[in-house]
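For reference, the structure discussed in these notes is given below.
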Amino acid sequence: MTNYNGKRNRTIMKEKIRHILNRIVNSRLFVVLIGTMLFIKTIYLYKNTIAVSTQIQTQTIIGTISFLTIIICFLMILPNKIRIKATLIMSFLLSLLVWADNIYYKYSASAISVEQLSNLQYTEQITETIPSLIKFGQVIYFIDFIIIGILFLMKILKIDKEKVYNKKQKIVNLIITVLGIIIFATVGVNYIKKGFQCLWNKDEQIATSTIFGYHIADIINSFNSSKRAVYSNYNEMISDYNTLKQEYEENYGNIKYNFEGILENKNILIVQLESVQGFVAHRTINGKEITPNLNKFLDENIEFTNMHMQSYSSTSDSEYSTVTSTYPMENGMSYSKYFLNTYDTIFDIFNNKEYYTMYMHGNVPSFWNRGNVYSRMNIDNISFIKDFEDQSEMISGFLADELLYKQGIQKIKNGETPFMTFMVAASSHTAFDLPGIQNKYDKISIDVGKYKDTYFGNYLEAMNYADYAFGILLDELKKEGLYEDTAILVFGDHNGMGMWDDEIKEFLSETDLNVTDVDLKLNYTKVVAGMKLTEGNESIKIEKPINKLDIKPTLAYLCNLEDGFSLGTNIFASKDFVCLNNERIIAKDYYYDQDWYVIETGEKVDFEVVSEQEKEKLNKYHDYMRRELNISFSVNINNLLKK
């Protein structure tokens, strides 16, 4: 009898729970609960974005509540059956959006843009990275759907027939809903407007206009891109460009190292290394150097200890900035969307001096649209994967660096001199596991120890392989008698590891116990870089900030060429700051990201104690950054260099 009563009580309890759950699902409270879950998910997103914010601004929270309340109010007036389905669909789509934002932010430290839809053509290469970005905590974005789905499958939940309201109730509900929409829509529109006021810095956009306001502004901007351009015609732009360049010459024109014309009629080899960040140079792990060949090259020649990528970007963006000396657009967009534009390129200035120009990349020409891009430039010889006979080692669709270099040097040897060749290596591409390398651990000389088989461990091994291949490149140049008369510029294209990876923090802390957020941001953008001028040239370390835009004007200075249109400046001059296309500024002692920070301490600049001279300098940096970005974006959007 006791067992019977216990079973009966459990059955009654289950029915009560089922009844309560069904009442909730079939009431307007369900919309509120789902909206609350969306709010929690969005806050979780903010905690993992906005430069991994430790404190979310009050305005961001209020704005998020406003946007979600508007949606809730709309859903409230729908009939029961439609309301439940619409609520679940809406919630799933927004949950998918914020999850995608979280994933993309971990990948590129930037929010995803609608412009990225055009990058779906590169799905195979991009999706290789996704598994490493998925974390268990991200289940929060879909946990409510999992629970609700299980309850519906178990037939615990069901959608009731429409509830009949009398006319008076309908009117009251409608009035309340309309008032709610009007009030919160007014707030929401204000937040969308804020999204248009900071077009470059996405962290600031998210903080001021919320993730929803950012996406709305982003969609509108994608259809009105020409309105983002400050200059609509060449004459207006070039006038301000010339003024800017004149100011740079007056303020930063002093040359510390007089290398003018030292490379005239010498061979030039530019080598871009995939994902090689600055922190791996001169570092050891378990007693062995991660990049021994690069270290030796940098020690014997000119090392640029403070070169930064020009955006939170793709490999093609690094190439774009190197080739054009302008800032790239949204990640990869310069090559995929604006490839029909006319630019004053690095190949042009060398061709004008009768150099034989070459471009080499061990991938298919369709990847990042390189085939269309480089075929429109003035290049004598272009080589993609089909142009390399030995393809015995392929890494995720890329020709292994060792084979690229060996065959590339033969192409150079069989070409004309003097030459200017741009080689783009790709073996150390994410996810860094080097599939396809034969006798892999005969070519990797380090033991990553506790990092073995982790994403970071794979990264270190990939850097070591890239270094091994770079050593092969130098050997091949020497073997073919090209080394002595060839100037070599080598640099990393962009970051490989995420900005906030715990293993990065741990690794950096081994040599610096006080790693600040500013240190991590600078580490994310800093890449390895160095240059050999002539054989026997003295070794030099240049510590001022530089970026890829500076390469074209620097080579023009070294080779005695007419530079043409370049937003970068000569590295050997005294300009002591660089900008990124997302409104960051890196100076010798200061870093700008919405606010100014002291690099040494990571603390915000206290303008109450800063001298007037320092304030003026920081304001000047910010003004120059705005002018550079305005000119560059206008050139891109309106094709202002079209002849």
Amide proton proximity set for Phe422, modelled H, under 5 Å, gap of 5+: Ile270, Met358, Tyr359, Met360
Simple spin-label estimate for Ser222 and Ile255 in nanometres, 7 Å along Cα-Cβ: 4.7
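What length, rounded to one decimal in nm, is gained on full extension from Lys81 through to Lys386, with 0.36 nm per residue of separation minus their alpha-carbon distance? All intermediate terms of the calculation are to be shown ahead of the outcome.
Numbers: separation 305, 0.36 × 305 = 109.80 nm, distance 5.73 nm.
104.1 nm is the gain from fully extending Lys81 to Lys386.
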Whichever aspartates and glutamates have a C-alpha closer than 13 Å to that of Lys47, once near sequence neighbours (fewer than 8 apart) are set aside: Asp101, Asp203
Helix-only [θ]222 nm of the chain, DSSP H runs n ≥ 4, -39500 (n - 2.57) each, per residue, nearest 500: -15500 deg cm²/dmol
Label-to-label distance, nm, for residues given as Thr284 and Thr454 (7 Å Cα→Cβ offset): 2.1
Which labelled figure in (i) 1.10; (ii) 1.19; (iii) 1.25 is Cα Rg over 2.2 N^0.38 Å, once derived from the coordinates: (i)
Gain on full stretching of the segment that runs from Lys296 to Lys620 - 0.36 nm per residue minus C-alpha separation: 112.8 nm
Modelled FRET efficiency - R0 30 Å, Lys541 with Phe39, Cβ distances, 0.05 increments: 0.05
FRET efficiency for Ile24 and Glu562, using Cβ-Cβ distance with R0 set to 56 Å, rounded to 0.05: 0.15
Accessible area in square angstrom per residue, the stretch 459-546, 1.4 angstrom probe: 34
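Kindly state, to the nearest 0.05, the FRET efficiency for Ser239 paired with Glu416, given R0 = 41 Å and r defined as their beta-carbon distance.
Numbers: r = 39 Å, r/R0 = 0.95.
My answer for the efficiency is 0.55.
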The chain - charge dipole about Cα centre, Lys and Arg +1 at Cβ, Asp and Glu -1, debye rounded to 20: 5380
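With respect to the cross-link table entries Lys411/Lys552; Lys353/Lys642; Lys245/Lys296; Lys202/Lys337, which display a Cα-Cα separation exceeding 29 Å? Don't skip to the answer; put the middle values down first.
Numbers: Lys411/Lys552 23 Å; Lys353/Lys642 22 Å; Lys245/Lys296 36 Å; Lys202/Lys337 20 Å.
Result: Lys245/Lys296 exceed 29 Å.
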For a label point 7 Å along the Cα-to-beta-carbon line of Asn514, residues of the stretch 588-612 with backbone N under 11 Å: 600-603
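The values are calculated or read from the model by the stated rules, or taken from the named source; none is laboratory data. This structure is a prediction, so every number in the text was calculated from the model and none was measured. Neighbour counts run over all protein chains shown; Cβ positions are idealised from the backbone, glycine included. Just the protein is used for accessible areas: all its heavy atoms, side chains included, with ligands, DNA and RNA removed. Shrake-Rupley method; radii C 1.70, N 1.55, O 1.52, S 1.80 Å.
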